[in-house]
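Notes to accompany the following structure.
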Amino acid sequence: MDIAIYTLGCKVNQYEAQAMERELLRRGHTLTGFDGPADAYIINTCTVTAVSDKKCRNIIRRARKSAPEAVVAVCGCYAQTDPDAVAALGVDLVSGSAGRMAFLDRLEELLNTKGGQVITVDKALARRDFERLPAGGAAGRTRAMLKVEDGCVNFCAYCIIPYARGPVRSLPLAEAAEQARRLAGTGYREVVLTGIEISSWGQDLKNGQSLIDLVEAVCAAAPGLRVRLGSLEPRTITEDFCRRTAALPNLCPHFHLSLQSGCDATLARMNRKYDTARYYESVRLLKGHFPDPGVTTDLITGFPGETKEEFSQTLDFIRKCAFTAMHVFPYSRRPGTPADTMPGQVPREEKEHRARRAIALAAEMERNWLNTQIGRILPVLFEEEKDGLWQGHTPNYALVRAQGKDLHNRLLHVQITGVEGGALLGTIPAEPGQPCAPTRTVIK
């Protein structure tokens, strides 16, 4: 059967989508583009904001309208939190954010029987087992994803995800190391350890292991593989964590630390589990243990109750941290979360105005950091050709563009010559020699 998949949302959703793709191919199906004809359309949904829900509904309607006879199957976080709304769109199969292989079983049954509507959604908060799915990446990618954790119990005031994903569940250390070893053996050059909240990895295993133990095991199991970490909570960054990670030559020195606000009063309303002093301690530790780390973050502007003075405090704190890149989002109300009913909702125009100011500051910080890379020779894993240039990333996650031929999945040293937009420009020596090995090689 011809099956098309459309995925919205985070890296975990992307990981689960590629796992379904691999399984569908193994079962003998053919993957096809979402905009063309297919026997079945799978929509893997996101529900992080109300805007995400709207995007999901639009994609579902598009699939249903374009192919009335096809099977439309919806899974993921939006289907988990509001299955009735999904079913009302004429969907044939509604599943949630777990049981992906069983979801595919039911899809095949519907393809064969053309039966009635099926809705199978469990109770996310009752989950206790980690769902094992094949690690890997989309076809032609140099970077694989390895999901090592699912679930979250932080219950931030703006977030619905704990109700969509359930409590923390972890992939055991030995299994994660073995999967990394297999990925290296299949030709991948980099793996991203991903999850809903990987800082909590190991809490449910109750054997004394924490994220740093997992990172050490994965790096040791696949020494030729660049290992990159997904989003981290500031509490993860301790002296011990930095000392041990700095000793791992194949760990990429790129750390995405969730911030959301640089004002302590706003952080408290968000129910975040740190203040700006603890957050800055994490930044200081990383910059003290790594020579040139990429430190990136997320920011929400216009959270309920955020005053102009509180936003100014956030801008000052961002400057102090000197991030290498930022994702900035105006606050989006999410029904079902405490923040949705909080007093002091900020008008949309003001939220967007603050977002534009933060984005401008982020661009300035990014330019300043990229300019410090000019003149260096950096290891770059090339991923794809775009607009006549090959592009890839350094270990600290700077985007590099250079001329070359057939550079896909090659790890080469590049002389950095300039900055254009949000990317570094570079040249590759005429005789590049052997691919570079240590992740943190920097030649000045």
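The values are calculated or read from the model by the stated rules, or taken from the named source; none is laboratory data. All values derive from a computational prediction rather than experimental measurement. Glycine also receives a Cβ, built like all others from the backbone with ideal geometry; neighbour counts cover every protein chain displayed.
Looking at 79, 73, just one residue is under 30 Å from residue 179 (Cβ atoms), surrounded by 23 or more Cβ atoms within 10 Å (Cβ to Cβ) and within 23 Å of the chain's Cα centre (by Cα), and that residue is 79. I'd like to check something: does region 144-161 contain any residue that is of a type in the set (Val, Ile, Thr) and either outside the structural domain of residue 205 (by TED's automatic domain parsing) or under 20 Å from residue 215 (Cβ atoms) (or both)? Among the residues of region 144-161, at least one is of a type in the set (Val, Ile, Thr) and either outside the structural domain of residue 205 (by TED's automatic domain parsing) or under 20 Å from residue 215 (Cβ atoms) (or both), which makes the answer yes.
So that you can scan it fast, the table gives a plain yes or no per residue for (1) at pLDDT below 95; (2) in contact with a Leu (Cβ under 8 Å, 6 or more places away or on another chain):
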site	(1), (2)
328	no, yes
335	yes, no
359	no, no
372	no, no
394	no, yes
415	no, no
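The single condition from (1) in a helix (DSSP H, G or I); (2) closer than 30 Å to residue 320 by Cβ that residue 180 fails is (2).
When residues of region 183-232 are filtered for being among the hydroxyl-bearing types (Ser, Thr, Tyr), modelled with pLDDT of 95 or more and either assigned to a loop (DSSP other than H, G, I, E, B) or more than 20 Å from the chain's Cα centre (by Cα) (or both), how many remain?
Keep residues of region 183-232 that are among the hydroxyl-bearing types (Ser, Thr, Tyr), which gives 186, 188, 194, 199-200, 210, 231.
Cutting the leftovers down to modelled with pLDDT of 95 or more gives us 194, 199-200, 210, 231.
Now drop any that are not either assigned to a loop (DSSP other than H, G, I, E, B) or more than 20 Å from the chain's Cα centre (by Cα) (or both), which leaves 210, 231.
Qualifying residue count, region 183-232: 2.
When residues in region 318-335 are screened for being surrounded by 14 or more Cβ atoms within 10 Å (Cβ to Cβ) and more than 17 Å from residue 260 (Cβ to Cβ), 1 of them pass. In region 204-212 there is at least one residue that is touching a helix residue (DSSP H, G or I) at 6+ places or on another chain (Cβ under 9 Å), surrounded by 20 or more Cβ atoms within 10 Å (Cβ to Cβ) and either small (Gly, Ala, Ser) or under 29 Å from residue 97 (Cα atoms) (or both).
Consider region 356-415 and keep the residues that are part of a strand (DSSP E or B), in contact (Cβ under 8 Å) with a residue 60 or more places away in the chain and not charged (D, E, K, R). The one that is surrounded by the fewest Cβ atoms within 10 Å (Cβ to Cβ) is 377. Listed by position, the helices (runs of 4 or more DSSP H) enclosed by region 1-108 that each have at least 1 residues that are in contact (Cβ under 8 Å) with a residue 60 or more places away in the chain are 11-26, 50-66, 77-81. Residue count for region 330-368 under the criterion of being of a type in the set (Lys, Arg) and out of contact with any strand residue (DSSP E or B) (no Cβ under 9 Å at 6 or more places or on another chain): the result is 2. For the condition within 30 Å of residue 380 (Cα to Cα), in contact (Cβ under 8 Å) with a residue 24 or more places away in the chain and assigned to a helix (DSSP H, G or I), residue 175 qualifies. Taking residue 426 and the conditions (1) among the small types (Gly, Ala, Ser); (2) closer than 16 Å to residue 326 by Cβ; (3) surrounded by 18 or more Cβ atoms within 10 Å (Cβ to Cβ), which numbered condition does it fall short on, given that it satisfies the others? Just one mismatch for residue 426, condition (2).
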